[in-house]
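Have a look at the structure below before the remarks.
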Amino acid sequence: MTQRATTAPHTERRAKLAALLGPRGIALIPTAPEQQRNRDADFLYRPDSYFFYLTGFAEPKGWLVVTGDGKSTLFCQPKDLEREIWDGYRVGPDAAPAQLGVDASFSVADIDTEMPKLLDGRNTVWYPFATHKGLETQVEGWLNKVRGRQRSGALCPEQTRDVCSVLDEMRLIKDPYEQATMRRAAQISAGAHIRAMQLTASMLRRGEDVREYHLDAELLHEFRRHGSQYPAYGSIVAAGANACVLHYRAEAGAVKDGELVLIDAGCELDGYASDITRTYPANGRFTGPQRALYELVLASQEAAVAATCAGARFTDPHDATIKVLAQGMLDVGLLDKNKVGKRDDVIEKRAYFPFYMHRTSHWLGMDVHDCGSYNEPSELAKTKERTDPLTGQTVVDRPSRILQAGMVLTIEPGLYVRPAQGVPEQFHNIGIRIEDDALVTETGCELISRGVPVTVAEIEALMRA
Ligand code: GLY
Ligand code: MN
Ligand code: MN
């Protein structure tokens, strides 16, 4: 990942974090470790999302320290000509303050000497509790060094807290800089979906053997061509019945005339994910049954979009989706009203579950399933118990998060029809998902991923072109 061109948003975020730590608090945020793939090869490096959010600094081995008085210190790799010949340019501690806007910087080689000095005199140490293996032991080691100097007047912090609890809340509301990056990421991904649709139709028209990996390659080409660093998650390119496997990847499946293709793919741009799914007919024309189910999923997505605005609950789009899908399943004959009853019975018994088994939304941001609580923080004490109709287990519900402008969530209803007795054969093996990225606004939401067509007419027109 390349370094950010501007330090302003990161300086602002660090100042905001500092204000939340308390005057004698200190936060330690390491970046992600490098990961070996096999022998001499590493996985492509990606910095830790929290660290990158606060620094825009993409080198490995970095640590950010923020103190309650508003000061930031960066530990980074020292300059080293030989290593830089092999691995590339390093900013180094001398240039870091000017380049990254931090107040001080040290070589990471000196971290065991410098960190105890920074910890001395603080009362609370904040660090990520769940994301870095072995971090607790490392922090404890530095705290023991401070304790060892207590007779010389050192003051050791008394408590530790999870810094993610405050950073998650900050990351949940996207600032204007993040919103602009996410719009651009979604726009690139939309363009990639368009290219994949067009390639499918044109290859089939030429009588060529289309495979899922051809479309995967097309997506990747379009992502990289526009400066995206990598896909935000493993792209799903699922031809025909493969679409009914929720976590399918892009393999060698044949893309056949008359079948649907489901592509769930989004690029990551400068640390921010996009997440788009489109389902389209390989030859550019929906069959009757494909169209019937597609229109149903689209109608359920429209209902979810209409339910998304500041002040609504996170679960409102899901509930709106379910209402439309449940009625639709009865109307098209996926469910038999003589067996399951009316729409509200379908919802109450979760009878829709064999065909729609995932939630409609998740937060989207630096991580494709982004951080942020799904419960409303001001209502955590309000719990309600119920029995799940399918599992018989007791579930504790808490009030769902109230949406605020600047939050970004996906809206991704689907229908997945595996062959089974009693399920009309014309729908067998059809898997459909339609996924868009919604930026919550005061009055509704902005669908930042709509650069790719979604209606039947638009998709068919695009694929004819
Ligand atoms: N692509 C992952 C998801 O849709 O949640
Ligand atoms: Mn998603
Ligand atoms: Mn997705």
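Computed from the coordinates by the stated procedures, all read-outs in this text should not be read as laboratory data. Predicted, not measured: the structure shown is a model, and the values here were computed from it. Here the Cβ is made from the backbone with ideal geometry for all residues, glycine too, and neighbour counts use every protein chain on show.
Placing +1 on the Cβ of each Lys and Arg and -1 on the Cβ of each Asp and Glu in the chain, which of TYR233, MET182, VAL125 has its Cα farthest towards the positive end of the resulting dipole? Of the candidates, VAL125 comes out farthest on the positive side.
Taken about its Cα centre, region 301-458 carries a charge dipole of roughly 560 debye when the Cβ of each Lys and Arg holds +1 and the Cβ of each Asp and Glu holds -1.
The modelled label-to-label distance for the pair GLU158/ALA98, using points 7 Å beyond Cα in the direction of Cβ, is 4.4 nm. The phi-based Karplus calculation (6.51 cos²θ - 1.76 cosθ + 1.60; θ = phi - 60°) puts the 3J(HN,Hα) values of region 236-243 at 9, 10, 10, 8, x, 5, 4, 5 Hz, whole numbers, x for Gly and Pro.
How large is Rg/Rh for region 250-406, to two decimals, with Cα atoms and a Kirkwood Rh?
Details: Rg = 18.2 Å, Rh = 18.1 Å.
We get a ratio of 1.00 for region 250-406.
Let a ≥ b ≥ c be the square roots of the eigenvalues of the Cα gyration tensor of region 144-268; is it rounded (a/c under 1.5), or, if not, prolate (a/b larger than b/c) or oblate? Since a/c reaches 1.5 and a/b is larger than b/c, the shape of region 144-268 is classed as prolate. Summarising the label geometry, the points placed 7 Å from Cα in the beta-carbon direction at ASP336 and THR113 lie 7.9 nm from one another. In region 114-158, the C-alpha radius of gyration followed by the widest Cα-Cα span (Dmax) gives 10.7, 34 angstrom. For the chain, the Stokes-Einstein estimate of translational diffusion at 20 °C and a viscosity of 1.002 mPa s comes to 88 µm²/s, using the Kirkwood hydrodynamic radius over alpha-carbon pairs. If you restrict to DSSP beta bridges whose two residues both lie in the chain, what percentage is antiparallel, to the nearest 5? The antiparallel proportion sits near 80 percent.
Taking the longest Cα principal axis of the chain as reference, the axis of helix 212-225 is set at about 40 degrees.
Please state the shape class of region 332-464: rounded when a/c is under 1.5, otherwise prolate if a/b exceeds b/c and oblate if not, all from the C-alpha gyration tensor.
Values: a/c = 2.46, a/b = 1.08, b/c = 2.29.
The shape class here is oblate.
Principal-axis analysis of the Cα atoms of the chain puts helix 8-20 at an angle of about 70° to the longest axis. Which one of HIS193, ASN144, THR160 has its Cα pushed farthest toward the positive end of the charge dipole of region 124-211, where Lys and Arg give +1 and Asp and Glu give -1 at the Cβ? Of the candidates, HIS193 comes out farthest on the positive side. Packing-based ranking of 263-269, 398-404, 333-339, 235-241 yields 263-269, 235-241, 398-404, 333-339, ordered from highest to lowest mean Cβ neighbour count within 10 Å. About its Cα centre, the chain has a charge dipole of approximately 380 debye under the convention of +1 per Lys or Arg Cβ and -1 per Asp or Glu Cβ, with nothing else charged. When each of TYR416, TYR50, TYR230, TYR89 is scored by the number of other beta-carbon atoms lying within 10 Å, the sequence from fewest to most is TYR89, TYR230, TYR416, TYR50. Sorting SER228, SER165 by the number of Cβ atoms found within 10 Å of their own Cβ, with the fewest placed first, yields SER165, SER228.
Arranged from fewest to most other beta-carbon atoms within 10 Å of their beta carbon, GLU169, GLU435 become GLU169, GLU435. Taking every DSSP helix (H) stretch of at least 4 residues in the chain, weighting each as -39,500 (n - 2.57) and dividing the sum by the residue count yields a mean residue ellipticity at 222 nm of -11000 deg cm²/dmol. Ranked by the mean number of other Cβ atoms within 10 Å per residue, highest first, peptides 114-124, 28-38 order as 114-124, 28-38.
Approximating the spin labels as points 7 Å out from Cα along Cα→Cβ, the ASP397-to-THR383 distance works out to 1.6 nm.
For region 1-146, what does the convex hull of the Cα positions come to per residue, in cubic angstrom? It would help to have the intermediate numbers written out before the result.
Numbers: hull volume 17.0 nm³, N = 146.
Looking at region 1-146, the number lands at 116 Å³ per residue.
Highest mean packing first, where packing is the average number of other Cβ atoms within 10 Å per residue, the peptides 298-310, 189-201, 349-361 line up as 189-201, 298-310, 349-361. Region 418-440 and region 78-131 have Cα centres separated by 50 Å.
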